[in-house]
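Okay, structure first, notes after.
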Amino acid sequence: MTTQRYLLLLVNSNSNPAVVHRITSIASLLKEHPDWHGLFIDDALSKDHYRLLETSLANLALDRILMIKNDFPQGPGGNRKIGFRYAIQNHFTGIAVCDRDTVYTAPILKSLQNAMEAHGHTGCALGSDGRRNLLRAQVFRLQNRLSRLSLKNWETPYRIYRTSALEQIAFELNTNERPFETELLLQLGGQGIPIIEFQLPGAVDSANAYGLRDARQSLKACIRFALQRLNLFYDFRFHPESIFPLKGSARVAHPYGEKFSSDSPHSFVCRHSSLIPQGSKVLDIGCAGGYVGRALTESKACKIVGVDRLDPEDIREPCIEYHQIDLEKDTPKLCQLIENGDFDVILMLDVLEHLAVPERFLLMLYRIPYRKKPLFIFSTGNVAFCVIRLMLLAGYFNYGEKGILDITHKRLFSWKTFQNLFDQTGFSIREKRSFPAPYSLMHLPPWMCRTLERINRFLIRIRPSLFSYQMLVITTPFTSPEQYLSDRFTEKKAHKQIQDDAGRSAPSQI
């Protein structure tokens, strides 16, 4: 059985002589609890004060407490980062923090340990005596609404974190200031890591330490978290998987789910009665999990060939013939597939914006010698959408996890630039479509979503370049000059061969 070891992080940023007594009393407390170790951080105080603390701790002769000194002040969050990383590297089960006016007693320490051991899957345990003032109650209620958590006390100083849970979040990206703890709870909640609350045995909660500045900073962090969930903001600390892999985080095969719940290009293509004829052979480029192919197979008995860079095991739709192709690196392989495939329809829904040079990609498609020209259907987001224009007017330009300003997008298009893209690369636009914003994904009441969609559609009819959230074009490629000349010379050569054959076979005249 693995031994449970816990770390108590003590942070000192105050040169008050009374701190010496407080630190030594905490060290004495640890001496009575063999499961607990201590890490004491002196946050860049004077050398004399550090020596005084070092001497006081040395007199206790406790080898389970380590004392280090910062050369520069790290702030509340910076010191926690140091302590958390130390706990992870030394394989502690959990870590608690002692700073400011926090008063630790033997029952409190034992309660934190029991909370960790009684709930094996929890990432954080918050202890409180239940006392709350009006300001805190209102702020906590608003924070719960923004974060979709249900915590009674966001600011209790008595908390313990499981180190295995800390390894699954990017806590080192958090601020070094006071909102560090709020950001940490948001990260845990965003990853679906359980957070529990429990009653402390007669603890004195630091209610008087929570002021308007703390409330404002905590609310700001929650607002940023909520905006990211609506894809109106992007913050790496809440979505670190795009930068580096985290231990214990599940691999996401593809970040994009089905887009049939709203009026979108995907639902339009699958539900349109005549756009894709019954039994068509369809190439779905950027097929993700294959949900468009499944819908077309079920509704129109289409034969679907999917293309994406995902591993084959991530494509779970058996109706799809799948080819793993990276559009940036394996374009010749894709062109060969298209040339030999005789496809009726080629879909590229929300794909072009992920390419570094979509012009070069489209020119390669345009120059393919088609035996029969397929129908190409492209879609993308409208960067000139009214909401983004308002954000720019206010001085904000933020990427998101999904949406128009998806962090993985390499190119952005307005209606004009999207049309110019096809005019310049050899495609004839046969039809254009505009789509409203996906209000159903904003977790609004259904009646409100329907109302907003109706208003958005009406505004699209007035000015599509401003009110279109997504754009779709239906195109066919022109015949390239190379193919045109090749066909004509082939026809001319064939015609001459027929004439020569006819002349040789004709009877001689005497």
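Can you confirm whether the stretch 7-28 contains a residue that is assigned to a loop (DSSP other than H, G, I, E, B) and at pLDDT 90 or above?
no
Only one of these conditions is not met by M348: (1) without any contact (Cβ under 8 Å) to a residue 24 or more places away in the chain; (2) touching a Gly at 6+ places or on another chain (Cβ under 7 Å). Which number is it?
For M348, the exception is condition (1).
Is at least one residue of the stretch 300-308 touching a strand residue (DSSP E or B) at 6+ places or on another chain (Cβ under 8 Å), at pLDDT below 90, among the acidic types (D, E) and not in a helix (DSSP H, G or I)?
Let us first name the residues in the stretch 300-308 that are touching a strand residue (DSSP E or B) at 6+ places or on another chain (Cβ under 8 Å), namely 302-308.
Going one step further and asking which of them are at pLDDT below 90, we end up with none.
No; the residues of the stretch 300-308 include none that is touching a strand residue (DSSP E or B) at 6+ places or on another chain (Cβ under 8 Å), at pLDDT below 90, among the acidic types (D, E) and not in a helix (DSSP H, G or I).
Condition first: touching a residue at least 24 places away in the same chain (Cβ under 8 Å), assigned to a loop (DSSP other than H, G, I, E, B) and closer than 22 Å to H409 by Cα. Now tell me which residues in the stretch 312-337 satisfy that.
Result: L327, E328.
Name the one entry in E317, E313 that is in contact with a Gly (Cβ under 6 Å, 6 or more places away or on another chain), at pLDDT 80 or above and of a type in the set (D, E, K, R).
E317
F413 passes all but one of (1) more than 30 Å from A226 (Cβ to Cβ); (2) crowded, with 19+ Cβ neighbours inside 10 Å; which number fails?
(1)
Taking L142, is it surrounded by fewer than 19 Cβ atoms within 10 Å (Cβ to Cβ), within 30 Å of the chain's Cα centre (by Cα) and in the same structural domain as T163 (by TED's automatic domain parsing)?
Taking the combined requirement at face value, the residue satisfies it.
For the stretch 82-125, enumerate the residues that are polar (S, T, N, Q), assigned to a helix (DSSP H, G or I) and under 24 Å from N70 (Cα atoms).
Step one: filter the stretch 82-125 for residues polar (S, T, N, Q), giving 89-90, 93, 102, 105, 111, 113-114, 122.
Right, trim to assigned to a helix (DSSP H, G or I) and you get 89, 111, 113-114.
Scanning the stretch 82-125 gives a single hit, Q89.
For the stretch 384-426, enumerate the residues that are of a type in the set (F, W, Y) and either over 20 Å from the mean Cα position of the chain (by Cα) or on the phi > 0 side of the Ramachandran plot (or both).
Just the residues of the stretch 384-426 that are of a type in the set (F, W, Y), to begin with: 385, 396-397, 399, 413, 415, 418, 422.
F385, F413, W415, F418, F422 - these are the residues of the stretch 384-426 that are of a type in the set (F, W, Y) and either over 20 Å from the mean Cα position of the chain (by Cα) or on the phi > 0 side of the Ramachandran plot (or both).
Would you call T297 in the same structural domain as G403 (by TED's automatic domain parsing), of a type in the set (V, I, T), more than 24 Å from L405 (Cα to Cα) and surrounded by fewer than 17 Cβ atoms within 10 Å (Cβ to Cβ)?
Numbers: in the same structural domain as G403 (by TED's automatic domain parsing): yes; of a type in the set (V, I, T): yes; more than 24 Å from L405 (Cα to Cα): yes; surrounded by fewer than 17 Cβ atoms within 10 Å (Cβ to Cβ): no.
The answer is no for T297.
So N79 clears everything in (1) in contact (Cβ under 8 Å) with a residue 12 or more places away in the chain; (2) over 22 Å from E172 (Cβ atoms); (3) not in a strand (DSSP E or B) except one condition, right? Which one?
(2)
In the stretch 66-74, is there at least one residue being of a type in the set (F, W, Y) and buried (at least 18 other Cβ atoms within 10 Å of the Cβ)?
Taking every residue of the stretch 66-74 in turn, none turns out to be of a type in the set (F, W, Y) and buried (at least 18 other Cβ atoms within 10 Å of the Cβ).
Per-residue answers, yes or no, for (1) surrounded by 14 or more Cβ atoms within 10 Å (Cβ to Cβ); (2) closer than 27 Å to R224 by Cβ; (3) of a type in the set (S, T, Y); (4) at pLDDT below 90:
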position: Y86; (1), (2), (3), (4): yes, no, yes, no
position: A96; (1), (2), (3), (4): yes, yes, no, no
position: G130; (1), (2), (3), (4): no, no, no, yes
position: N133; (1), (2), (3), (4): no, yes, no, yes
position: L149; (1), (2), (3), (4): yes, yes, no, no
position: R159; (1), (2), (3), (4): yes, yes, no, no
position: N174; (1), (2), (3), (4): yes, yes, no, no
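What's the number of the only condition in (1) more than 25 Å from R216 (Cβ to Cβ); (2) within 30 Å of the chain's Cα centre (by Cα); (3) of a type in the set (K, R) that R80 fails to meet?
It is condition (1) that R80 fails.
The values are calculated or read from the model by the stated rules, or taken from the named source; none is laboratory data. Since the model is a prediction, treat every value here as computed from it, not as a measurement. Cβ sites come from the backbone with ideal geometry, for glycine too, and all protein chains shown count toward neighbours.
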